[in-house]
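Presented below is the structure to which this report refers.
The values are calculated or read from the model by the stated rules, or taken from the named source; none is laboratory data. The model shown is predicted, which means the values in this text are computed figures rather than measured ones. As a convention, Cβ positions derive from the backbone with ideal geometry for all residues, glycine included, and neighbour counts pool all protein chains shown.
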């Protein structure tokens, strides 16, 4: 058995392999509802053999959406459509997960294929964004409203309520999105957080809001179900969030009951210089796993079976999360198993096509 196809147990959930479909926004929702697109998109990856499938960032509130077309979990009415999907994923051997998110100052944008530009509050489909501080993401962009105590309380409540809906919808892993320049990352980074109250200034203050949300979600998320947090391990910018900050945060989150750190990077600065290349973010997962003593997931240009196997076999991370490669090949796990000489069962409907040599 290859290490990539060895099982992993976190709390009471066993993943039958270490391959994860990373949360990828599809911008295919109307009023936050899951559609047939989501069923086919996520369902095909379950047929393809992924151990864990994390549905895209689900907005905890309408104003937390990146675009007007984001998936949502701010209403009980969203539950049935998602439950249809989780039932299919579980029936086909995958653990269903979902990412809960608030975009903060990066909310209210057009979809990428529509230009991805910010929609100002006075424009059609636009709304007023919020953030730790009244700082635009990009020069000339909309200025968010700095969150007051009432706004902070509402966001904590919205995360907790969304987690309860995720549970009702059948998800077994929930991931809090604190990466890519979205709201919780905005609190972490001194570049975007210039508050002078208990949520700004020192490291301890800047991580406070995320830690409060973790406590809120962990309090209602079953003790036998895992809780993940996605972070940007670095801002790639002087004066920003650093890998050492990420290690320190991860150690704190481990004590709070977080089970795995999903290690991405960037997104909080428009023009950061990022040395993109195969596996360029894997060292962050390795450092956090080693120094904070918590399981990690590796992401970023992981494109081959051999590369994924090496990451797991060498102990750099506990899971590999695939995004673009999963889009290119929904059946990557089945193909990877064949490449690595690890005989995996195929869906009986596809058995006739399974390679035999």
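Filter the stretch 222-242 down to the residues that are in contact with a helix residue (DSSP H, G or I) (Cβ under 6 Å, 6 or more places away or on another chain) and part of a loop (DSSP other than H, G, I, E, B), then identify the one that is nearest to residue 262 (Cα to Cα).
233
So which helices (runs of 4 or more DSSP H) are wholly in the stretch 257-357 and hold at least 3 residues that are under 23 Å from the mean Cα position of the chain (by Cα) and within 30 Å of residue 213 (Cβ to Cβ)?
Details: elements: 282-292, 305-313, 324-328, 332-339.
The helices (runs of 4 or more DSSP H) meeting that bar are 282-292, 324-328.
Quick one: in the stretch 1-45, which of the residues that are crowded, with 24+ Cβ neighbours inside 10 Å and free of Cβ contacts under 8 Å to residues at least 60 places away in the same chain is farthest from residue 126 (Cα to Cα)?
Per the stated criteria, the residue is 42.
Quick one: count up the residues across the stretch 63-101 that are in a strand (DSSP E or B) and either more than 13 Å from residue 32 (Cβ to Cβ) or in contact (Cβ under 8 Å) with a residue 60 or more places away in the chain (or both). Let's see the steps before the verdict.
Applying the first criterion (in a strand (DSSP E or B)) to the stretch 63-101 yields 72, 95-101.
From the residues that got through so far, the ones that are either more than 13 Å from residue 32 (Cβ to Cβ) or in contact (Cβ under 8 Å) with a residue 60 or more places away in the chain (or both) too are 95-101.
Result for the stretch 63-101: 7.
Which one is farthest from residue 83 (Cα to Cα) among residues in the stretch 46-62 that are touching a residue at least 60 places away in the same chain (Cβ under 8 Å) and part of a helix (DSSP H, G or I)? Step through it out loud before you land on a result.
We begin by selecting, within the stretch 46-62, every residue touching a residue at least 60 places away in the same chain (Cβ under 8 Å); these are 47-52, 54-55, 57-58, 60-62.
With part of a helix (DSSP H, G or I) added as a condition, the list becomes 47, 62.
Working: 47: 17, 62: 20 Å.
Looking at residues that are touching a residue at least 60 places away in the same chain (Cβ under 8 Å) and part of a helix (DSSP H, G or I), I get 62.
Select from the stretch 301-325 the residues that are farther than 15 Å from residue 264 by Cα, in contact (Cβ under 8 Å) with a residue 60 or more places away in the chain and surrounded by fewer than 24 Cβ atoms within 10 Å (Cβ to Cβ) and list them in ascending order.
305, 309, 312, 313
Say whether the condition of being touching a residue at least 24 places away in the same chain (Cβ under 8 Å) and surrounded by fewer than 18 Cβ atoms within 10 Å (Cβ to Cβ) is met by at least one residue in the stretch 176-183.
There is no residue in the stretch 176-183 that is touching a residue at least 24 places away in the same chain (Cβ under 8 Å) and surrounded by fewer than 18 Cβ atoms within 10 Å (Cβ to Cβ).
Is it true that residue 190 is free of Cβ contacts under 8 Å to residues at least 40 places away in the same chain, in a loop (DSSP other than H, G, I, E, B) and over 15 Å from the mean Cα position of the chain (by Cα)?
Numbers: free of Cβ contacts under 8 Å to residues at least 40 places away in the same chain: no; in a loop (DSSP other than H, G, I, E, B): yes; over 15 Å from the mean Cα position of the chain (by Cα): yes.
Here the answer is no, as residue 190 does not meet what is asked.
Touching a residue at least 40 places away in the same chain (Cβ under 8 Å), over 30 Å from residue 336 (Cβ atoms) and buried (at least 20 other Cβ atoms within 10 Å of the Cβ) - does that describe any residue in the stretch 117-127?
No, every residue in the stretch 117-127 fails to be touching a residue at least 40 places away in the same chain (Cβ under 8 Å), over 30 Å from residue 336 (Cβ atoms) and buried (at least 20 other Cβ atoms within 10 Å of the Cβ).
Limited to the stretch 102-118, what total is found for residues that are assigned to a helix (DSSP H, G or I) and closer than 19 Å to residue 177 by Cβ? Outline the logic, then answer.
Of the residues in the stretch 102-118, the ones assigned to a helix (DSSP H, G or I) are 104-106, 112-114.
If we keep only those that are closer than 19 Å to residue 177 by Cβ as well, we get 104-106, 112.
Matching residues across the stretch 102-118 total 4.
Just to check your reading of the model, which residue among 137, 159 is in contact with a strand residue (DSSP E or B) (Cβ under 9 Å, 6 or more places away or on another chain), farther than 21 Å from residue 84 by Cβ, in a helix (DSSP H, G or I) and touching a residue at least 12 places away in the same chain (Cβ under 8 Å)?
Details: 137 fails: in a helix (DSSP H, G or I).
Result of the check over 137, 159: 159.
Give me the residue from the stretch 223-247 that is more than 19 Å from residue 192 (Cα to Cα) and over 19 Å from the mean Cα position of the chain (by Cα) and, out of that set, surrounded by the most Cβ atoms within 10 Å (Cβ to Cβ).
Start the filter on the stretch 223-247 by keeping residues that are more than 19 Å from residue 192 (Cα to Cα), which leaves 223-229, 247.
So of that shortlist, the ones also over 19 Å from the mean Cα position of the chain (by Cα) come out as 223-224.
Values: 223: 8, 224: 10.
Here the residue is 224.
Looking only at the stretch 87-116, which residues are over 30 Å from residue 269 (Cβ atoms) and surrounded by fewer than 24 Cβ atoms within 10 Å (Cβ to Cβ)?
Within the stretch 87-116, the first condition is being over 30 Å from residue 269 (Cβ atoms), and the residues that meet it are 87-96.
87, 88, 90, 91, 92, 93 - these are the residues of the stretch 87-116 that are over 30 Å from residue 269 (Cβ atoms) and surrounded by fewer than 24 Cβ atoms within 10 Å (Cβ to Cβ).
Determine which single condition residue 201 fails, assuming it passes every other condition in (1) more than 18 Å from the chain's Cα centre (by Cα); (2) within 26 Å of residue 108 (Cα to Cα); (3) not in a helix (DSSP H, G or I).
Of everything listed in (1) more than 18 Å from the chain's Cα centre (by Cα); (2) within 26 Å of residue 108 (Cα to Cα); (3) not in a helix (DSSP H, G or I), residue 201 misses just condition (2).
Rundown of residues vs (1) more than 14 Å from residue 17 (Cβ to Cβ); (2) modelled with pLDDT of 95 or more, yes/no style:
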| residue | (1), (2) |
| --- | --- |
| 279 | yes, no |
| 283 | yes, yes |
| 290 | yes, yes |
| 297 | no, yes |
| 314 | yes, yes |
| 327 | yes, yes |
| 331 | no, yes |
| 338 | no, yes |
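Just need a number here: residues in the stretch 128-157 that are surrounded by 13 or more Cβ atoms within 10 Å (Cβ to Cβ) and over 17 Å from residue 62 (Cα atoms).
The qualifying residues number 11.
Would you mind stating whether residue 80 is surrounded by fewer than 18 Cβ atoms within 10 Å (Cβ to Cβ) and closer than 18 Å to residue 26 by Cα? Talk me through it step by step, then tell me what you get.
On the way: surrounded by fewer than 18 Cβ atoms within 10 Å (Cβ to Cβ): yes; closer than 18 Å to residue 26 by Cα: no.
It is false that residue 80 is surrounded by fewer than 18 Cβ atoms within 10 Å (Cβ to Cβ) and closer than 18 Å to residue 26 by Cα.
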